[in-house]
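The values are calculated or read from the model by the stated rules, or taken from the named source; none is laboratory data. Computed from a predicted model, the values in this text were never measured in an experiment. Heads up, the Cβs are rebuilt from the backbone with ideal geometry, glycines too, and the neighbour counts pull from every protein chain shown. What goes into the accessible areas is simple: the full protein's heavy atoms, side chains included, and nothing from ligands, DNA or RNA. Shrake-Rupley method; radii C 1.70, N 1.55, O 1.52, S 1.80 Å.
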Amino acid sequence: MTIRKKVRPLALLSAILAVSLALLSCASAPYAQKESSVLKLVDLINSGGVGEIDGLTPTPFALDGETLYLDSDVATYWANLKAASFALTDARFVSADHLKGDSFKAFADSFDMKNFFEKYTGKDTSLVTIDAKEGRYYFLLERKVAGYPKVRGMKGPVQ
Amino acid sequence: MKHSVKRIAAVAAFAAFACLYAAAQKANVTYVEGVANIKSSSGKLRVADFGSQVAFGESVITGKDGQAELKLENGSTIRVAQNSVFSYTNVGTGSDSRQVLATTAGKVAYKLNKATGKSPLIQSNSMVAGVRGTEFTVMAGRDGTTLLEVTGGIVDVESQGKQVTLVKDEGVEVTPGQAPGAKYTRPGKELDFSSWNKGKIDGFLADPVAGLAKIETQLAGYQKALDELKKPFEDTTAAWKKARDDYKPILESKDEAAIKKFQEETLFPAQDNRSAVILTIRYNALNYLSVRRFVMSNMYMELKSRYPTSRPAAVETFFKNYAAMLAKYETVAVPELDKNDY
């Protein structure tokens with residue numbers, strides 16, 4: 001009886017500790033992009049709806065090897081794509097990778113992109129590769145906003 | 001390469017000095033509406049709020065519904081409109097130091113009181129201007145064109161070695177890489193930035209190759225200045241190194257009078273001369289970066305988004321020329337920049 005009284009608090013403490021550690025590890029683990037979410041984003045791009053969701057494509061935004069700093073520039077980018085009926089035709093998810101030291105080269109092997117990746121991407125940013133009829137696209141995607149991965153950058157199509 | 005490393009080290013050392021100096025040179029944010037951020041000299045973004053301070057090397061970037069007002073130490077006010085970028089820097093050292101107030105994108109209105117020291121230098125991506133206790137507005141179009149209108153006082157606008165003096169109710173437009181246009185009398189109503197800027201973008205879209213060529217001319221001016229500074233940098237560095245070497249035995253002699261004399265007459269002037277050259281190099285390199293970042297990027301975005309997959313011949317030529325200009329940027333400006341400039 002005495003032993004049970006001592007064990008219970010210990011077990012409870014261990015359980016709390018284990019749950020806390022699990023939660024902490026979840027919070028600190030890099031965010032992984034799922035294929036389904038990425039393809040949902042592609043559908044949104046193809047329908048021209050990206051510009052309608054506040055905060056989905058924040059600044060600074062990487063476009064190929066360029067950096068867009070103004071919200072109005074990013075808004076213009078998506079509005080122009082919509083006006084041009086832009087779409088990723090027959091899009092196929094290829095991969096979603098956590099960023100490495102040389103990931104910036106996928107966008108451009110340049111001073112600007114090296115610094116963009118160092119300063120404006122983090123552990124939750126993934127480099128997502130998509131193949132489409134027009135060529136290969138790269139996206140920098142982060143945690144979701146309104147059910148879609150937040151877009152930090154886009155490059156393509158690369159032939 | 002070795003030369004570049006040394007230059008970067010010198011730039012870093014000078015940046016540290018500049019940071020200390022900048023601590024006393026700040027603009028205070030006195031009003032904010034909507035979204036406005038401050039981009040630090042290390043590239044980090046923080047929200048601009050009432051009481052925030054903007055130091056040399058920092059920029060204020062406003063969102064689509066944002067605006068911010070800043071106050072300088074002498075009571076001068078700077079109003080940054082929506083979708084705009086205002087950059088706060090300086091050029092020169094010691095008593096030659098001068099504030100640089102730059103409208104990099106969008107619209108910024110200035111009401112400047114008479115300065116006790118040197119008056120600030122007003123800048124955009126296509127012109128510089130000197131002011132004397134005055135009130136004016138600068139609009140920086142996304143094609144690199146600047147429009148400056150004066151509502152009080154006198155403004156001297158300079159570009160490509162040509163100068164135009166504006167008085168109350170006069171304005172002038174400056175196309176990148178060209179001398180200031182003819183000055184005009186301001187209409188009673190303030191010009192609408194959005195309409196004016198749309199006209200500039202439409203003009204660029206009508207002939208993107210010509211629009212990019214104007215930017216190339218503007219950048220060639222910065223490149224020329226950087227090339228011309230190579231020799232002064234080498235000379236002042238050699239003089240500073242010699243002074244440093246000559247100083248060692250004097251220092252070891254522990255002759256206080258000789259040490260002080262050498263410091264004042266040789267060592268400190270050599271350091272100051274070199275610092276002034278380094279600051280001027282950085283001033284030109286940062287101007288290059290500003291055009292690349294806020295004008296060229298916008299041109300790229302406009303054409304890339306309008307022609308995402310197939311392009312007419314003129315647009316294809318634009319992208320070919322653009323790539324060549326980016327390669328030049330990497331060799332001309334980047335060696336004079338460090339990652340904190342990005």
Residues in the stretch B:137-153 that are modelled with pLDDT of 95 or more and touching a Ser or Thr at 6+ places or on another chain (Cβ under 6 Å) total 6
When B:Ala323 is run through (1) closer than 25 Å to A:Asn115 by Cβ; (2) surrounded by fewer than 17 Cβ atoms within 10 Å (Cβ to Cβ); (3) more than 14 Å from chain A (Cβ to nearest Cβ); (4) not hydroxyl-bearing (Ser, Thr, Tyr), the failure sits at (3)
With criteria (1) under 16 Å from B:Ala109 (Cα atoms); (2) open to solvent by 60 Å² or more (accessible area, probe 1.4 Å), B:Lys162 comes up short on (1)
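Return yes or no: is B:Ser59 within 13 Å of chain A (Cβ to nearest Cβ), open to solvent by less than 70 Å² (accessible area, probe 1.4 Å), of a type outside the set (Phe, Trp, Tyr) and more than 14 Å from B:Val29 (Cα to Cα)? Even if it seems obvious, please write down each step before you answer.
Details: within 13 Å of chain A (Cβ to nearest Cβ): yes; open to solvent by less than 70 Å² (accessible area, probe 1.4 Å): yes; of a type outside the set (Phe, Trp, Tyr): yes; more than 14 Å from B:Val29 (Cα to Cα): no.
Answer is no for this residue.
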Okay, helices (runs of 4 or more DSSP H) sitting entirely in the stretch B:188-278 with 1 or more residues that are within 24 Å of the chain's Cα centre (by Cα), I get B:193-206, B:208-228, B:230-253
Over the stretch A:51-76, the set of residues of a type in the set (S, T, N, Q), in contact (Cβ under 8 Å) with a residue 24 or more places away in the chain and more than 7 Å from chain B (Cβ to nearest Cβ) is A:Thr57
Every listed condition ((1) without any contact (Cβ under 8 Å) to a residue 40 or more places away in the chain; (2) touching a strand residue (DSSP E or B) at 6+ places or on another chain (Cβ under 9 Å); (3) open to solvent by less than 40 Å² (accessible area, probe 1.4 Å); (4) aromatic (Phe, Trp, Tyr)) holds for B:Tyr184 save (3)
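So that you can scan it fast, the table gives a plain yes or no per residue for (1) surrounded by 23 or more Cβ atoms within 10 Å (Cβ to Cβ); (2) facing chain B (nearest Cβ under 8 Å); (3) farther than 26 Å from A:Lys34 by Cβ:
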{"residue": "A:Asp97", "(1), (2), (3)": "no, no, no"}
{"residue": "A:Asp109", "(1), (2), (3)": "no, no, yes"}
{"residue": "A:Asp112", "(1), (2), (3)": "yes, yes, yes"}
{"residue": "A:Phe117", "(1), (2), (3)": "yes, no, no"}
Sole miss for B:Tyr329 among (1) within 14 Å of chain A (Cβ to nearest Cβ); (2) out of contact with any Phe, Trp or Tyr (no Cβ under 8 Å at 6 or more places or on another chain) is condition (2)
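Could you identify the single residue in B:Arg98, B:Arg132, B:Arg142 that is within 15 Å of B:Asp192 (Cα to Cα) and open to solvent by 10 Å² or more (accessible area, probe 1.4 Å)? Break it down stepwise before answering.
On the way: B:Arg98 fails: within 15 Å of B:Asp192 (Cα to Cα); B:Arg132 fails: within 15 Å of B:Asp192 (Cα to Cα).
Result: B:Arg142 is the single residue among B:Arg98, B:Arg132, B:Arg142 that is within 15 Å of B:Asp192 (Cα to Cα) and open to solvent by 10 Å² or more (accessible area, probe 1.4 Å).
Does A:Ala79 satisfy being within 14 Å of another protein chain (Cβ to nearest Cβ), in contact with an Asp or Glu (Cβ under 9 Å, 6 or more places away or on another chain) and modelled with pLDDT of 95 or more?
Considered against the rule, which asks whether it is within 14 Å of another protein chain (Cβ to nearest Cβ), in contact with an Asp or Glu (Cβ under 9 Å, 6 or more places away or on another chain) and modelled with pLDDT of 95 or more, A:Ala79 comes out as no.
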With the first residue restricted to the stretch B:288-312 and required to be free of Cβ contacts under 8 Å to residues at least 40 places away in the same chain and facing chain A (nearest Cβ under 7 Å), and the second required to be among the polar types (S, T, N, Q) and open to solvent by less than 30 Å² (accessible area, probe 1.4 Å), Cβ contacts under 6 Å at 6 or more apart or on different chains are B:Ser305/A:Asn80
